[in-house]
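Worksheet for the structure shown next.
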Amino acid sequence: MNAKSAKHSSRPGLGGTFWAVMAVALALMGGLLFYFTRQTEQQVQATSLGGPFELVDHFGRKFTQEDLKGKYTLLYFGYTHCPDVCPMGLTVMAEALARLGDRRKDFRVVMVTVDPERDTPQVLKEYMENFGPGFIGLTGTPEQIRAMARNWRAFYRKAPDKEGDYELDHSAIIFLLDRNGRYLKHFPYNTTPERMLKGIREALEKAESGGAGG
């Protein structure tokens, strides 16, 4: 071994203490990053969802963000030709609300169609009547639908089938809004009536105790 290589090999390495300190620091940084990410997500959810819109309800009447006020709202983006996801979601909402007892009257369900080409007000009226009172269907021009869906971060797109018809791939999140039409919380696809009821009650307690807009 020559002198140069011997000198290089004798350089002291980084000890175990250094790596232990680094591990703790990285863990702390990861925790802080998670915390601030969660805080940011919560702030985005609470402040950036929703906005002005103008659609038509299933009676052919104009329906805007002002019409979301006065009651709590379960807001959903779907369509009447949906084979399974939409009927299941609407049924879950109906069952959860039915278990609220006297509080049922304080709620409405609003489904915004993502298929305005087929979902006329009359089609929506006949469809929404299958799920009970207080179920409202909204439609509009494709541009109006896209604008509202964008405000609620709702995704949808046409999926042509082999017969030349089409279905729609779409997000299936259910939003709970307060009496002012503002976001309170949301429920993911496959939420059971029991979990939705529990979430609604928790949100009501928080909203009506001053923790959020009621």
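Any read-out appearing in this document is the output of simple, stated calculations on the displayed coordinates, not a laboratory observation. Remember, it's a predicted structure, so these values are computed and weren't measured experimentally. Cβ: placed from backbone, ideal geometry, glycine included. Neighbour counts: every protein chain shown.
Could you check segment 83-180 for strands (runs of 3 or more DSSP E) lying wholly inside it with 1 or more residues that are among the hydroxyl-bearing types (S, T, Y) and without any contact (Cβ under 8 Å) to a residue 60 or more places away in the chain?
107-113, 166-170
Restricting to segment 79-117, and then to whatever is within 18 Å of the chain's Cα centre (by Cα) and not hydrophobic (A, V, I, L, M, F, W, C), can you tell me which residue is surrounded by the most Cβ atoms within 10 Å (Cβ to Cβ)?
T113
Kindly indicate the residue of segment 137-151 that is surrounded by fewer than 19 Cβ atoms within 10 Å (Cβ to Cβ) and not small (G, A, S) and also farthest from the chain's Cα centre (by Cα) among those meeting that condition.
Taking the candidates together, the pick is T141.
Among the numbered conditions (1) in a loop (DSSP other than H, G, I, E, B); (2) touching a residue at least 40 places away in the same chain (Cβ under 8 Å); (3) under 16 Å from the mean Cα position of the chain (by Cα), tell me where N190 comes up short.
That leaves (2) as the condition not met.
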